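Worksheet: one structure, shown below.
The values are calculated or read from the model by the stated rules, or taken from the named source; none is laboratory data. Keep in mind that this is a model prediction, so the values were computed, not measured. As a convention, Cβ positions derive from the backbone with ideal geometry for all residues, glycine included, and neighbour counts pool all protein chains shown.
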Amino acid sequence: MGWSDHYRRRDIMDTALARARHDEEARIPFDHIDGAREVFGTEENLLLALHHRWTQVLTGHLRTYVAGPEDADDVPGEGSESHGDHVDAVSRAWRAAVRRNPTLHAVVDANVERYPALRRAHQAELRMLAVTSGLAEPHEPHDEAARIGATLVALLRHRDTVRSSNRTTTAERWLRRLGRLASSA
């Protein structure tokens, strides 16, 4: 693949994300994106390329917040004192990646069950999160590590949902306090 092919693939992926941003279900209008069929062949291939981009983003954040996924042997296990630090670092990395790339994450997440190859890539991502956080060991069975990673991601999503609803409650409390202060002054 030459540079012109690389840029063409990138532009099609960017167009797909721009269009998916306006779709509630984060669907890609594959047949309505110029050049998508010629360059990627199938929607599955386009989604796999987007998942690859997501993996690059996520691993970059993991490398920033913790160590690289290949350094998992050095990540302390559950019994160590710094275990919680790695879980927290992986949590912050995942949240930062999602926050900075919401459409990319939404598209990958919304389509993960549609194609077996995408499902396998997602399972590898979940294993990477579990092992990097120290919640799973590198030698654990793949399905067990993926289940642990899925649980971690589910907890992160739930926590973010609770936090966003608590922010509203906290803001409302502050507004009431300010109202009482203003009326008593």
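Of all residues in region 129-136, none satisfies being at pLDDT 95 or above, assigned to a helix (DSSP H, G or I) and out of contact with any helix residue (DSSP H, G or I) (no Cβ under 6 Å at 6 or more places or on another chain). Of 97, 93, 121, 145, all but one fail to be modelled with pLDDT of 95 or more, buried (at least 17 other Cβ atoms within 10 Å of the Cβ) and over 30 Å from residue 22 (Cβ atoms); the exception is 145.
For beta carbons closer than 8 Å, sequence separation of 6+ or different chains, a first residue in region 1-19 that is within 10 Å of residue 39 (Cβ to Cβ) and part of a helix (DSSP H, G or I) and a second that is acidic (Asp, Glu) and modelled with pLDDT under 95, there are no qualifying pairs. Restricted to region 30-67, and to residues that are closer than 20 Å to residue 101 by Cβ and not in a helix (DSSP H, G or I), which residue is farthest from the chain's Cα centre (by Cα)? Top of the filtered list is 33.
Scan region 35-48 and tell me whether some residue there is at pLDDT below 95, small (Gly, Ala, Ser) and farther than 20 Å from residue 109 by Cβ. Taking every residue of region 35-48 in turn, none turns out to be at pLDDT below 95, small (Gly, Ala, Ser) and farther than 20 Å from residue 109 by Cβ.
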